[in-house]
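First comes the structure, then the notes that go with it.
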Amino acid sequence: MEKDQAIYLSNYLEEWSGSSFEINKLKTVGGTLPKFHQWTNGKKTLAGYEVTRPDHDIGYYLLFIDWHRNENYYLVIYAHDKSTTIAEMRQIEEIDGIFHLVWKYNPLKRDGKNDQRKAYFKQTFGTTTVQIKIPSSSIEVEAFISQLFKLCQNRMKADQIVEVFDFENGRGC
């Protein structure tokens, strides 16, 4: 996404004051997010937020960052323990006159079971492509955050599905 689009989205997160989520802005120094994670060190970061859902004890970090150092900004979502990224979103598409962040589930694990993960994601969630409406007012921010959380939960569930089911022998563990 372009820098102004990332600023637009981060402004909505910063201004939002609902009760379903808690949003805490992370401190940036000189336009970077120091000591957050080795993959973010030294990269231009417009803003970062710790977003939690207290009633479900769930949280993620949302970073608006020049992920590949090419002036193309991403909304990168980190797990709450900062162990890994859950989604790296950069594509914005206009669908029926409304702008959406578009993300495609494409597992890249090295265990030979990515086809099963992808099939599970598609069967369970209808498609491997997720479209999340970009808020056009502060009223729509809660739905936007909820959709990001849903994407993260679905991603993690699909990634872990091969640990739950024995696809090769056709039974659950």
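Annotation note: GluC sites (Glu not before Pro) in segment 59-109 located in DSSP loop regions with a Cβ neighbour count of at most 11 within 10 Å are Glu71.
Overall shape: oblate for segment 1-53, with the ratio a/c of the largest to smallest alpha carbon gyration tensor axis at 1.5 or above and b/c at least equal to a/b. When restricted to Cα atoms, the chain yields an Rg and a Dmax of 16.8, 54 Å, respectively. Computed from Cα atoms, the angle from the helix 114-125 axis to the main principal axis of the chain rounds to 70 degrees. Of the trypsin sites (Lys or Arg not before Pro) found in segment 1-55, those that fall in a DSSP loop while having at most 15 other beta-carbon atoms within 10 Å are Lys27, Lys35.
About its Cα centre, how strong a charge dipole does the chain have in debye, to the nearest 20, once Lys and Arg get +1 and Asp and Glu get -1 at the Cβ? Please list the in-between numbers first.
Numbers: 22 positive and 23 negative charges, 119 e Å.
It works out to roughly 580 debye.
Pairs Lys82/Lys157; Lys82/Lys104; Lys44/Lys122; Lys27/Lys109; Lys25/Lys82; Lys133/Lys157: which are spaced more than 24 Å apart, C-alpha to C-alpha? Violating the 24 Å limit, Cα to Cα: Lys44/Lys122; Lys27/Lys109. Evaluating 6.51 cos²θ - 1.76 cosθ + 1.60 at θ = phi - 60° for every residue in segment 149-156, the Karplus couplings come out as 4, 4, 4, 4, 5, 5, 4, 5 Hz, glycine and proline recorded as x. Near Trp67, the amide H atoms lying under 5 Å from its own belong to Tyr74; only residues 5 or more places off or on other chains count, and H is placed 1.01 Å from N.
Quick check: from the Cα gyration tensor, does segment 55-125 come out rounded (a/c under 1.5), prolate or oblate? Could the numbers behind the result be given before it?
Working: a/c = 1.42, a/b = 1.17, b/c = 1.22.
Rounded, since a/c falls under 1.5.
For the chain, the longest principal axis of the Cα atoms and the long axis of helix 3-15 meet at an angle of about 90 degrees. Annotation: amide H of Lys43 within the under-5 Å range of Leu33, sequence separation 5 or more or interchain, hydrogens built in the peptide plane. Note that segment 37-52 has calculated 3J(HN,Hα) couplings of 7, 4, 6, 9, 4, x, 8, 4, 10, 6, 6, x, 9, 9, 10, 10 Hz, one per residue in order, obtained from phi through the Karplus relation 6.51 cos²θ - 1.76 cosθ + 1.60 (θ = phi - 60°); glycine and proline are x. With a 1.4 Å probe and every protein chain kept in, tell me what percent of the accessible surface of segment 1-94 is carbon plus sulfur. With neighbouring chains kept in place, the figure for segment 1-94 is 42 percent. For the chain, the mean residue ellipticity at 222 nm estimated from helices alone is -9500 deg cm²/dmol, where every DSSP H run of n ≥ 4 contributes -39500 (n - 2.57) and the total is divided by all residues, rounded to the nearest 500.
The values are calculated or read from the model by the stated rules, or taken from the named source; none is laboratory data. The structure displayed is predicted, hence computed values, not measured ones. Heads up, the Cβs are rebuilt from the backbone with ideal geometry, glycines too, and the neighbour counts pull from every protein chain shown. All accessible areas refer to the heavy atoms of the entire protein, side chains included, with ligands and DNA or RNA removed. Shrake-Rupley method; radii C 1.70, N 1.55, O 1.52, S 1.80 Å.
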